[in-house]
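Just below is one structure, and these are the notes that go with it.
The values are calculated or read from the model by the stated rules, or taken from the named source; none is laboratory data. This structure is a prediction, so every number in the text was calculated from the model and none was measured. With ideal geometry, Cβ positions are generated from the backbone for all residues, glycine too; neighbour counts draw on all protein chains shown.
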Amino acid sequence: MKFLCSSAALAPNTSLGFDIDGCKLLAVRRDGIAYFYINRCPHRGVALEWQPGQFLDDSASLIQCATHGALFLIETGECIAGPCAGRSLVALPGREDAQGLWVDL
């Protein structure tokens, strides 16, 4: 498991991007739970973020691809709109403890 950040660094309804050992990933917090995904759109394999650490749509309720506007459910990574509808982001196993957020690459 690789350490990402303190729990406080990932505020509710926000996202953060990371580059760990050459693996680009994102973390999103929703309803107190942190979700972890590879930072790659299943449509073209491009990075998702609008700006560094900015992966969510205007409502902060969906992950949005900056290139094609595809929308993904935070809880599952499933694409619900856009050119890759029905496909999903690659989820990463992770956990949160007293030290912070950890991800298994």
From the option list GLY32, GLY77, single residue qualifying as among the small types (Gly, Ala, Ser), at positive phi and either crowded, with 18+ Cβ neighbours inside 10 Å or in contact with a helix residue (DSSP H, G or I) (Cβ under 9 Å, 6 or more places away or on another chain) (or both) is GLY77
Hey, could you check the stretch 1-17 for residues that are touching a residue at least 60 places away in the same chain (Cβ under 8 Å) and either among the β-branched types (Val, Ile, Thr) or touching a Phe, Trp or Tyr at 6+ places or on another chain (Cβ under 9 Å) (or both) and say which is surrounded by the most Cβ atoms within 10 Å (Cβ to Cβ)?
-> LEU4
Give the residues of the stretch 21-59 that are assigned to a loop (DSSP other than H, G, I, E, B), at pLDDT 95 or above and either in contact with a His (Cβ under 6 Å, 6 or more places away or on another chain) or of a type in the set (A, V, I, L, M) (or both), sorted by residue number.
-> LEU48
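Per-residue answers, yes or no, for (1) loosely packed, with under 15 Cβ neighbours inside 10 Å; (2) of a type in the set (Asp, Glu):
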| site | (1), (2) |
| --- | --- |
| TYR37 | no, no |
| CYS41 | no, no |
| GLY45 | yes, no |
| ASP58 | yes, yes |
| LEU62 | no, no |
| ALA66 | no, no |
| GLY86 | yes, no |
| LEU89 | no, no |
| ASP97 | yes, yes |
Please identify the pairs in which a residue from the stretch 81-96 that is of a type in the set (S, T, N, Q) has its Cβ atom under 6 Å from the Cβ atom of a residue that is surrounded by 12 or more Cβ atoms within 10 Å (Cβ to Cβ) and part of a strand (DSSP E or B), counting only partners at least 6 apart or on another chain.
-> SER88/GLU78
